[in-house]
């Protein structure tokens, strides 16, 4: 009996190893739970192209939008753990577990982190005729006019929404906010003068760096950006701990075989170190990272704890 069980175990192990060796033998689906044309979608398509070349198989990007990215995320969580259904998600993946107590999935237990692929600093931008011309003037104006001001963000739970929550909590005030169906609609209303401010990732506003159509008030990076040498950081402006970037990473469903997870992680690290791909990512205003699965897992754990601490301290809930 023991011999039979041993042979069965050996057979299963060999089958699993063969499956990992053959992977991928059919197209792999990259689910992006945000609108087409946004930063996450752009990065997903660059990565899909790179992964296709490294693993000699097609990687297809599919946008499944809604509810702060939770609809597309839930879809991947319930997919087979075979490596053919992957999720490209950003900062809200870690935050949603704290903000949405009634999620249909657990962002930690239902996923296997595969790799951190990119980070993008956030910026505070204002309409061209906004009364404040710099961050110091912005704070002064905000203190006296918060009930008259408006800001827009790319949907509940988006990076721009999370950034605004952190910022307004930090300065102990509130401003009327409106959720939009994506980054582009919110930015378009800002450009049209229908909103006062946006918290945007650099890829979204990169086109307008030298344009008079927007005012760049502050960046949320640790240091000033090369593209915006005259725009101060939040740290310089009196908020030393306020550093926030919108990171992006790849996840698979929980139970993903270790060999397949490693193969995907190795492929991400390889394309992340490719100079041509790095240039394509940097051209969007996003910084390529390319960490392995173990490093990304530690990163996600730290993000989960950070957002849980914030929610516990503030009592904020997006879906009580």
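The values are calculated or read from the model by the stated rules, or taken from the named source; none is laboratory data. Note that the structure is predicted; figures quoted are calculated from it, not measured. No Cβ is skipped: glycine too gets one built from the backbone with ideal geometry, and neighbour counts run over all protein chains shown.
A few comments on the model shown:
- Hey, residue 250 under 30 Å from residue 55 (Cβ atoms) and part of a helix (DSSP H, G or I) or not: no
- For the stretch 32-40, the condition holds for no residue, the condition being that it is at pLDDT 95 or above, exposed (fewer than 15 other Cβ atoms within 10 Å of the Cβ) and outside the structural domain of residue 201 (by TED's automatic domain parsing).
- Filter result for residue 264 (in a loop (DSSP other than H, G, I, E, B), at pLDDT 90 or above and either within 18 Å of the chain's Cα centre (by Cα) or surrounded by 19 or more Cβ atoms within 10 Å (Cβ to Cβ) (or both)): no
- Residue 94 being in the same structural domain as residue 289 (by TED's automatic domain parsing) and either at pLDDT below 95 or not in a loop (DSSP other than H, G, I, E, B) (or both): yes
- Close pairs from the stretch 161-188: first in the same structural domain as residue 204 (by TED's automatic domain parsing) and closer than 10 Å to residue 151 by Cα, partner at pLDDT 90 or above and not in a strand (DSSP E or B), Cβ under 7 Å, at least 6 apart: 175/146; 175/149; 175/168; 176/149; 177/164
- Annotation: of all residues in the stretch 52-71 being surrounded by 21 or more Cβ atoms within 10 Å (Cβ to Cβ) and at pLDDT below 95, the one that is farthest from residue 199 (Cα to Cα) is 70.
- When residue 128 is tested against (1) crowded, with 17+ Cβ neighbours inside 10 Å; (2) under 20 Å from residue 206 (Cβ atoms); (3) in contact with a strand residue (DSSP E or B) (Cβ under 7 Å, 6 or more places away or on another chain), only condition (1) is not met.
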